[in-house]
1. For residues that are part of a helix (DSSP H, G or I), small (Gly, Ala, Ser) and more than 27 Å from GLY70 (Cα to Cα), tally how many sit in the range 14-47.
2. Specify the residue that is modelled with the lowest pLDDT; the eligible residues are those in the range 54-98 that are in a loop (DSSP other than H, G, I, E, B) and touching a helix residue (DSSP H, G or I) at 6+ places or on another chain (Cβ under 6 Å).
3. Please enumerate the residues belonging to the range 36-50 that are under 15 Å from TYR98 (Cβ atoms) and out of contact with any strand residue (DSSP E or B) (no Cβ under 7 Å at 6 or more places or on another chain).
4. So, ALA47, is that one over 25 Å from PRO93 (Cα atoms), out of contact with any helix residue (DSSP H, G or I) (no Cβ under 6 Å at 6 or more places or on another chain) and of a type in the set (A, V, I, L, M, F, W, C) or not?
5. With the requirement that a residue be of a type outside the set (Asp, Glu), surrounded by 15 or more Cβ atoms within 10 Å (Cβ to Cβ) and closer than 16 Å to ASP90 by Cβ, what does the range 20-44 give you?
6. Among the listed residues LEU102, LEU89, which satisfies the condition of being within 16 Å of the chain's Cα centre (by Cα) and closer than 16 Å to ALA37 by Cα?
7. Mind checking whether some residue in the range 4-22 is in contact with an Asp or Glu (Cβ under 6 Å, 6 or more places away or on another chain), of a type outside the set (A, V, I, L, M) and either at negative phi or modelled with pLDDT of 95 or more (or both)?
8. With touching a residue at least 24 places away in the same chain (Cβ under 8 Å) and touching a Cys at 6+ places or on another chain (Cβ under 8 Å) as the only criterion, which of VAL49, VAL77 stands out?
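The values are calculated or read from the model by the stated rules, or taken from the named source; none is laboratory data. Source: prediction; values computed, not measured. Neighbour counts run over all protein chains shown; Cβ positions are idealised from the backbone, glycine included.
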Amino acid sequence: MAVGQPADNDVERLAKIVRVKIYADRQIATLITRPSAADNIGEFVAARVFRISLVSSGSHPGYDGVFETGPLAGNTVNIKAYSRHESVLDISPHACGYYLVLMGLPGQRQMRISERPSWPFGRLLACVGASWADTPPT
């Protein structure tokens, strides 16, 4: 093994991967119109899935958006996205009507998004909708 050879190959390989990551981050940022951080990606997904109108600022105190339709229409929501399940919730001291938490599975370290939800979506909405409708906003 020549001195420097494996390290040089590893650095070149890493540089190529970083260029791909930078390109992907730029594409994501263009699509979601915010930096490609996990919390921004989670807000984008939640807004599309749950019909939430996001506030224009990515750092609005208290909430990230407002429900557009359904029993929660007009109520504010603070969206939290965690890449893995850690049983932790960052709660803001600012007022909001509801929290919507998206999280990965225990032990996973990356966010996974699929075209089809991996939960029984209709049943989830029925359960969540019923409990939300019965719970007045605070």
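1. Qualifying residue count for the region: 3.
2. Per the stated criteria, the residue is SER83.
3. The answer is VAL49, and nothing else.
4. So ALA47 fails the test.
5. Those that are of a type outside the set (Asp, Glu), surrounded by 15 or more Cβ atoms within 10 Å (Cβ to Cβ) and closer than 16 Å to ASP90 by Cβ: ALA37, ASN40, GLY42.
6. None of the other options fit; the residue is LEU102.
7. Checked the range 4-22: no residue is in contact with an Asp or Glu (Cβ under 6 Å, 6 or more places away or on another chain), of a type outside the set (A, V, I, L, M) and either at negative phi or modelled with pLDDT of 95 or more (or both).
8. Criteria check complete, one pass: VAL77.
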